[in-house]
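The values are calculated or read from the model by the stated rules, or taken from the named source; none is laboratory data. Quantities reported herein were computed from a predicted structural model and do not represent experimental measurements. For neighbour counting, all protein chains shown are included, and Cβ atoms are generated from backbone atoms with ideal geometry for every residue, glycine included. For accessibility, only protein heavy atoms count, side chains too; no ligands or nucleic acids. Shrake-Rupley method; radii C 1.70, N 1.55, O 1.52, S 1.80 Å.
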Amino acid sequence: ASVIASLPGTQSVTISSPGINGGVTFPAVAGHKVSVKMTGSTFAAVNLRLLKPDSSQLGLAATSRTATGFVDALDIPTTGTYTLVVDPSGANTGTASFTVYDIASDVPGTFTLSSPAPSTATGTATITTPGQNALITFSGTVGMRVAVSITSTTLTSGTLSVLRPGGSVIKVGGLSKGAFLEGVTLDANGTHTVKLDPSDSGIGTVTFAVYNVPADVGSPTPISITPAQTLVGGAANATITTPGQDAWFSFPGTAGQRIAFKVSGTFIKSGTLDVTDPTDNPLGGTIAFGTAGGWGDPVVLPSTGTYKIRAAANGVNTGNIVVSAFIVPADVTSSVTSGGPATTLATSIPGQNMKVTFAGTAGRGALVQVTPSTVAGTVKIVRADGTTVLGSASVSTTGGLIDATALPANETYTVLVDPKTWGTGTDTVRVIDVPADITGSLPLTGVQQVYSTSAPGQNIVLNMSAAAGQRIALQIAGPAFSGSLKIIRPDATQMLSKTFSASGAFVDATAVTVSGTHTVKIDPSGSGYGIVTVTAYAVPADATAAPMVIDGATSRLDTTVPGQNGSITFDATAQDSIRIVATSVSTGSSTCCGAKVSVIGPLGTTVMLAKSVGTKGATWSLTVPSTGTYTIKLDPQSNAIGGITFKVQSNV
């Protein structure tokens, strides 16, 4: 075994044959602790265990499958020579370095929490040796409530705990900047300990604050709230003065009532609200709040009696809080006929929703339109079972829309408008009966195909036959709407998706990967509908022209199908200063921008970034970096076709 003469000390262990263990011996002193840090390990897995002078095991064995590992501090029972056994798992071999640390004592400290509450004590502890903890003591009494916050630390992680006089744990939490341990109620008199335990071999400085927390606001008699069916509800307020302190409210409830909760008037950055029924069971979910307040949607009270509300500020937050309770009447209801006129609804109490029913037919499409209103929130289409949502969208004061949804059965559907938080106001809802999608075929012939939708929500679905390896391009022209274009492969996977505006769009040459009938879907946005022209092209291989020589003849490069590019080459010598002249440009009608031209070097790198060129022509100068063949790339923009006459000249 390798020998460490004194602590701390480091030795390397190398095991080159399977089945052999290694070891490191070191001296240790009774009453101290030792820890071991492993670094640079090449073992796939290695077991580490410590043996006492009598060869019995000290503590538990540790297994590491990473390049670093750590055996946390272990108490030394007797003075003598101890052994670290390095035992590779299975047939593993490798090498690693081991540093053994002597911990004469944990970092001590003390503070005083004055009584009565509230009071605060602060302190700092610096941990200098891996495996060392900080044990900060204070005098506590039965019933005292203690909270601990970590105001700053250079440690990356660890545990924070509060220990009883006998050393048992009352509560434990994380050790990091901003960490907060709350709700520690002492159950014994005597010296308690705040323990700071870094993870693994962490060392560093921790600054902390400990709070003697007074009784909760509203304890033992909660602050009374009388729910009201008004726009402002019934309210009560409380002020949380000390981190870890909560506020309690109560209200009388009647079975079957719907109650919603609002948090406002708070300077608390974040917190939570929890409601319990007369039997102290949770009612609804936890309500989060911050300086902007918080909201809990209506819950139905299960029984008549007194309900409690617990408001808790997160971490070290303190401040004022106002809790309001609303008696929420039944949701506002109406009905419409699919394809018929709209209906207008209004809510008057926060928490109220709007429900509009309509009779739906299986296989038909329904599009829900909410016109500009005074309500923001969400809108959903819900099936007759009350839970299955077929479609949803956001609603703002500018309105909202659920795109065409295929109805699965002949039944009554509900459009549910749920105002955001405590909003109230008016909405106008219309259900549009969407006819079947327009269908047809789209040949790759470059022939324009004109289609027209007759109602919002209606799509255009076209079949397009294409073979793997074939290149296609599509043109959307003259649309009466904005929307999206998708191409779906025969195997139902999406080949591409592109949005377009009322000015149309061009899908540049794209290679087909699966042979068969593809689906081209044109989906108008929002409530748009009308005429659109679609043209599909089979794009041939890129055009080429005769190679050029510097100061030689011109060469003409022409494309014939939208989406087709072109290329032409010339040879040059490293550091040649040249200019490329483009004339007789017929790609599109723009004087500046009908095409883009770039130059690719012998190694495939771009030596001239893409430059725009129009019918006026252009000249570009560059110095070539190496000797070899260069390629001029021509990329007509959008659906432009045509050509350019190129010439390469020396710069003189």
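If only one of V332, V322 is surrounded by fewer than 21 Cβ atoms within 10 Å (Cβ to Cβ) and closer than 22 Å to G425 by Cβ, which one is it?
V332
Can you confirm whether segment 276-292 contains a residue that is touching a residue at least 40 places away in the same chain (Cβ under 8 Å) and touching a strand residue (DSSP E or B) at 6+ places or on another chain (Cβ under 6 Å)?
For segment 276-292, residues touching a residue at least 40 places away in the same chain (Cβ under 8 Å) and touching a strand residue (DSSP E or B) at 6+ places or on another chain (Cβ under 6 Å): absent.
Within the bounds of segment 86-103, is there any residue that is in contact (Cβ under 8 Å) with a residue 40 or more places away in the chain and open to solvent by 60 Å² or more (accessible area, probe 1.4 Å)?
The answer is yes, given that some residue of segment 86-103 is in contact (Cβ under 8 Å) with a residue 40 or more places away in the chain and open to solvent by 60 Å² or more (accessible area, probe 1.4 Å).
Pairs please, first residue from segment 372-388 and of a type in the set (S, T, N, Q), second anywhere and part of a strand (DSSP E or B) and open to solvent by less than 50 Å² (accessible area, probe 1.4 Å), Cβ atoms under 7 Å, 6+ apart in sequence or on different chains.
Within 7 Å, the pairs are S373/G399; S373/D427; S373/T428; T378/V395; T378/D418; T388/V382.
Which count do you get for residues in segment 456-476 that are open to solvent by less than 30 Å² (accessible area, probe 1.4 Å) and under 37 Å from the mean Cα position of the chain (by Cα)?
The number of residues fulfilling the criteria is 11.
What about D187, is it in a strand (DSSP E or B) and of a type in the set (D, E)?
no
When you go through V461, V429, V450 one by one, which is the residue that is over 20 Å from T519 (Cβ atoms) and either at pLDDT 95 or above or outside any strand (DSSP E or B) (or both)?
Exactly one residue qualifies, and that residue is V429.
Restricting the search to segment 340-398, which residues are within 31 Å of the chain's Cα centre (by Cα), crowded, with 22+ Cβ neighbours inside 10 Å and β-branched (V, I, T)?
V368, V370, V375, V379, I381, V395, listed by residue number.
If you check D102, D87, D75, D106, which single one turns out to be over 40 Å from the mean Cα position of the chain (by Cα), among the charged types (D, E, K, R) and over 24 Å from G158 (Cα atoms)?
Step by step, each of D102, D87, D75, D106 is checked, and only D87 is over 40 Å from the mean Cα position of the chain (by Cα), among the charged types (D, E, K, R) and over 24 Å from G158 (Cα atoms).
Among the numbered conditions (1) surrounded by fewer than 20 Cβ atoms within 10 Å (Cβ to Cβ); (2) under 28 Å from P372 (Cα atoms), tell me where I438 comes up short.
The single condition I438 does not satisfy is (2).
I need a count of the residues in segment 616-642 that are within 17 Å of G604 (Cα to Cα) and of a type in the set (G, A, S).
Here the count works out to 2.
For segment 184-200, which positions are buried (at least 17 other Cβ atoms within 10 Å of the Cβ), at pLDDT 95 or above and not basic (K, R)? Show your work before the answer.
As a first pass, look at segment 184-200 and keep what is buried (at least 17 other Cβ atoms within 10 Å of the Cβ): 184, 186, 192-198.
Narrowing further to those that are at pLDDT 95 or above: 186, 192-198.
Answer for segment 184-200, where residues must be buried (at least 17 other Cβ atoms within 10 Å of the Cβ), at pLDDT 95 or above and not basic (K, R): L186, H192, T193, V194, L196, D197, P198.
What number of residues within segment 234-263 satisfy the criterion of being closer than 14 Å to P350 by Cα and either of a type in the set (G, A, S) or more than 33 Å from the chain's Cα centre (by Cα) (or both)?
Count: 4.
For the structure I just gave you, tell me whether V263 is hydrophobic (A, V, I, L, M, F, W, C) and within 28 Å of A179 (Cβ to Cβ). Reasoning before the result, please.
Details: hydrophobic (A, V, I, L, M, F, W, C): yes; within 28 Å of A179 (Cβ to Cβ): yes.
Yes: the conditions hold for V263.
So in segment 108-140, with the set limited to residues that are β-branched (V, I, T) and part of a strand (DSSP E or B), which one is surrounded by the fewest Cβ atoms within 10 Å (Cβ to Cβ)?
Here the answer is T122.
Being in contact with a Lys or Arg (Cβ under 7 Å, 6 or more places away or on another chain) and either of a type in the set (G, A, S) or assigned to a loop (DSSP other than H, G, I, E, B) (or both) is the filter here, so list the residues in segment 190-225 that pass it.
Matches in segment 190-225: S201, P222.
Applying the selection to segment 207-233, what residues are surrounded by fewer than 16 Cβ atoms within 10 Å (Cβ to Cβ) and closer than 29 Å to S348 by Cβ?
Listed by number, the residues that qualify are S224, T226, A228, Q229, T230, L231, V232.
Tally time: how many residues in segment 585-607 are within 13 Å of L557 (Cβ to Cβ), open to solvent by less than 30 Å² (accessible area, probe 1.4 Å) and in a loop (DSSP other than H, G, I, E, B)?
Counting residues in segment 585-607 that are within 13 Å of L557 (Cβ to Cβ), open to solvent by less than 30 Å² (accessible area, probe 1.4 Å) and in a loop (DSSP other than H, G, I, E, B) gives 2.
Among A582, A610, which is surrounded by fewer than 17 Cβ atoms within 10 Å (Cβ to Cβ) and not polar (S, T, N, Q)?
Answer to the check: A610.
Out of (1) open to solvent by less than 70 Å² (accessible area, probe 1.4 Å); (2) touching a Gly at 6+ places or on another chain (Cβ under 6 Å); (3) closer than 21 Å to S89 by Cβ, what's the single condition that is false for T42?
For T42, the failing item is (1).
Show me the strands (runs of 3 or more DSSP E) entirely contained within segment 1-107 in which 3 or more residues are under 21 Å from A134 (Cα atoms).
In segment 1-107, the matching strands (runs of 3 or more DSSP E) lie at 33-39, 69-75, 94-103.
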